[in-house]
Amino acid sequence: HGPYQPHEPGYGLDQPGYSPYEDEIPDPQARMLAIKNAKAYLLKTSTKSGLNLYDHFANILTKILDEQPTNTVDIIENISKDVKWAQFRKKMDTLRDEHLILPTFEAAEKCKALFIKEGGEEEREEVEEEMGHPALPNVMEAAFYFEQAGIGLNKDESYYIFLALKNLINVQPIQTCRFWGKILGLEMNYIIAEVQLREGEGEEEMGEEGEGIIAEGEKEMGEAEEDEQKKKEAEPPKSTYKPPPEIPKEANGTGTNKYVYFVCNEPGKPWVKLPPVTPAQIVCARKIKKFFTGWLDAPVVSFPPFPGNEANYLRAQIARISAGTHVSPTGFYQFADEEEEEEEGADTYEENSEFEPPPVAEMVDSLATWAHHVKPILKQGRCVWINPQKSEENEEEDDEEEEEEEGEEQQQERGPPLLTLISEDEGMKDIPAWTAQASTSLIPEYSVAILQSNRWPGAYAFASGRKFENIYFGWGHKYSPESYTPELPPPAQAEFPSGPEITETVDPTVEEEMAFKIAQEEALVEAEEEEDEEGEDD
C-alpha cells in the first residue's frame, strides 16, 4: 500500500504521539476505521497461492513462540518459507485418504512371489538325485565371473533371475536349464531361459500339432471334392504357377529347435514359452531389422512381410545368435563316436573327461583355443539341409520325375561342421569376428579369459579352468559395417504380350452379314446336292 497520505484514515498510526489534528482530540471512530482498513488489506487473499498476509504473520509468530529459536531475526526468511511449504499439502480424497506408494514397496511386491517356497521343490530335488546333476544353474557364479570384466547385471537383478529360474523349474518338466541372456526392448525387456525338457514332453506337443494338420488336410480334401462337383461346367483357365515348396521345420530336440526357450519381462512375472522356429522365419529375419517392443503379441511390420508376430521374431533371433556365438574351449566337447566325427551332419557330442584347460594367456592370444558347439544355420533356414522337391516328386508320375530330376535338381548346402574353431570365422572388412582379452592385467594369475563377439554385439563368453559360460545382453541386432538398407520390392509385372489371339475383332457391317448368310446358304445347298448324288450312285 505504501505510506498513508494525510487524507487517508490510517495516516499517523505509525507515529505514536503524532496526530494531524494537534489542537483537537483524535476521533476514536476514525482510528477504528483505519485499523479495520489495515486489517482488511492484510486479509487480502493472493491469486497465486491462496494465502493472505494476516494468517501468514500469525503462523510465523506462532511458530516462533512455540519453537523459540536463537537469533530469530537472522532466520526469519527461512521460517517464512517453512510456514508456506507446510500450507501446500497433497489434496486428499473426500471419502478416503490417498496413501503414497513408494517405488521400493512396488518393487518388493513384484518380487514377493520369488521368495515364496512352493511345494513342488521336494519332488524336484528327488528327480535331481535320480538324474545325478541339478537342473538349476548357478546364475550367481556365472555373474561373478562376468563381473570381473564389467559384464552383466547388478547383483540384485541377477539374484531375482536366479529365483525366477528356480520357480520355472518347479512348474515345468525341465531336464536342464540355463540363463541365456537379456534382450532389450523399447517398452519392456526380455529375460530368456534356455531349457531342455524331459524325454517325451516335447513329443506330445508334436503329436497334437500333427493331428491338427491331418484333420485340416482331411477337411481341405472334403471341401475340394465338393467344389469339384459344383464346378463341373466350363471354368475359366487356371494359373499353372506353382509356389515353391514350403521347407519343413526341424523336429523338436534337433537343429534350430534343439532347445526350448521361456521368456518373461521381469523376474516374478509368469514365464511364457516361445513357439518352435521355422526356416521361413529365420530366412525373413535375416532380411529385416526391427527393435523389440516387449510385447510378444505385437505385429512385426516389415518388408518382406515376416511370417509371425514378435514372439516368432524373438525366437528366430535367439536361434541366430545361439548358432553364431555359443562357443566353448577347444577339446571340452568331443564326438561320442569316431564315425560321427567324420560325418558332417553330426549333431551329438559329449563332455571330454580328459580335457585339460589351457592357461588364460593362451586362450587370450590364440582364437584356436575356442570352438563352436552349436551347429550353424544354412541359407535354407535349417541346420540340416533337406530337398523340398522330394515329397512332391514322389506324388508325381515316373516320367515327370525323370524330367524334374534332370532340370531342377538342387545343389545340397553344406556348412562348417560342429566344433569348428572360431579362428576360421570370417571377419567384417577390417573388423575381426572375435576379440579376446583377460579380465585384468594387474593380477594375471587370477584373471579370466573373456571372449567378445563383434558380429553380434552383446554376446560374451568366459573361461576359467573347466568352467565356461555364454551370455547375451543387447538389442538382438547383428552388426553391419554398412548402413541398413531395406529390401526393394520386386519389379512390376509386365503386360501380357498383345497378339491376334487376344485382339478383339471389328464388328461386321450389315452388307458383310448378308453376304455371310448367303454364303452359308449356298454351302448348305451344295452339301445337300452332294448327298443326293451319292445316294443315287448307291
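The values are calculated or read from the model by the stated rules, or taken from the named source; none is laboratory data. Keep in mind the model is a prediction, meaning the values are calculated, not measured. Ideal geometry is used to build each Cβ from the backbone, glycine not excepted, and the neighbour counts take in all protein chains shown. Remember, those area values only see protein heavy atoms, side chains included, never the ligands or the DNA or RNA. Shrake-Rupley method; radii C 1.70, N 1.55, O 1.52, S 1.80 Å.
What is the spread of the Cα atoms of the stretch 36-86 along each of their three principal axes, largest first, in whole Å?
Here the spans come out as 34, 24, 17 Å, largest first.
Mind checking the full-extension length gain between LEU488 and GLU362? Use 0.36 nm per residue of separation minus the Cα-Cα distance, one decimal, nm. The partial results should precede the final answer.
Details: separation 126, 0.36 × 126 = 45.36 nm, distance 4.64 nm.
Difference between extended and current length: 40.7 nm.
Could you compute how much accessible surface TRP271 exposes when probed at 1.4 Å, giving the result in Å² to the nearest 10?
The accessible area of TRP271 comes to roughly 50 Å².
Ordered by residue, what ³J(HN,Hα) values in Hz, to whole numbers, does the stretch 158-171 give under the Karplus form 6.51 cos²θ - 1.76 cosθ + 1.60, where θ = phi - 60° and Gly and Pro are x?
Computed from phi, the couplings for the stretch 158-171 are 4, 5, 4, 5, 4, 5, 5, 5, 5, 5, 5, 5, 5, 8 Hz.
Could you compute the FRET efficiency for ILE431 and GLU147, with r as their C-beta to C-beta distance and R0 at 25 Å, rounded to 0.05? Show your work: numbers first, answer last.
Numbers: r = 26 Å, r/R0 = 1.06.
So the FRET efficiency works out to roughly 0.40.
Take the Cβ-Cβ distance between ASN154 and LYS273 as r, set R0 to 30 Å, and report the resulting FRET efficiency rounded to the nearest 0.05.
Plugging the Cβ-Cβ distance into 1/(1 + (r/R0)^6) gives 0.65.
Report the relative contact order of the stretch 36-86, percent, no decimals, based on alpha-carbon pairs under 8 angstrom and at least 6 residues apart. It would help to have the intermediate numbers written out before the result.
Values: 23 pairs, mean separation 14.0, N = 51.
So the answer I get is 28 percent.
Mind scanning LYS242/LYS289; LYS238/LYS379; LYS117/LYS273; LYS182/LYS287 and naming the pairs with a C-alpha gap bigger than 28 Å? Display every interim value, and only then the final one.
Details: LYS242/LYS289 30 Å; LYS238/LYS379 33 Å; LYS117/LYS273 23 Å; LYS182/LYS287 23 Å.
Table pairs above 28 Å Cα-Cα are LYS242/LYS289; LYS238/LYS379.
State the extension gain, in nm to one decimal, for the chain segment bounded by LYS48 and ALA527, taking 0.36 nm per residue of separation less the distance between their alpha-carbons. Mind showing how you got there, number by number?
Numbers: separation 479, 0.36 × 479 = 172.44 nm, distance 11.40 nm.
Length difference between fully extended and current span is 161.0 nm.
Which residue, ASN52, ILE76, TYR41, has the largest displacement toward the positive end of the dipole of the stretch 36-86 when charges sit on each Cβ (Lys, Arg +1; Asp, Glu -1)?
In the stretch 36-86, that residue is TYR41.
Given H placed 1.01 Å from N in the peptide plane, which residues other than close sequence neighbours of MET428 have an amide H under 5 Å from its amide H?
Counting only residues 5 or more places away or on other chains, the set is ALA433.
Can you give me the % of accessible surface on the stretch 36-86 that is carbon or sulfur? Probe 1.4 Å, all protein chains present, nothing else counted. The partial results should precede the final answer.
Numbers: 2260 of 4020 Å².
Carbon and sulfur together cover 56 percent of it.
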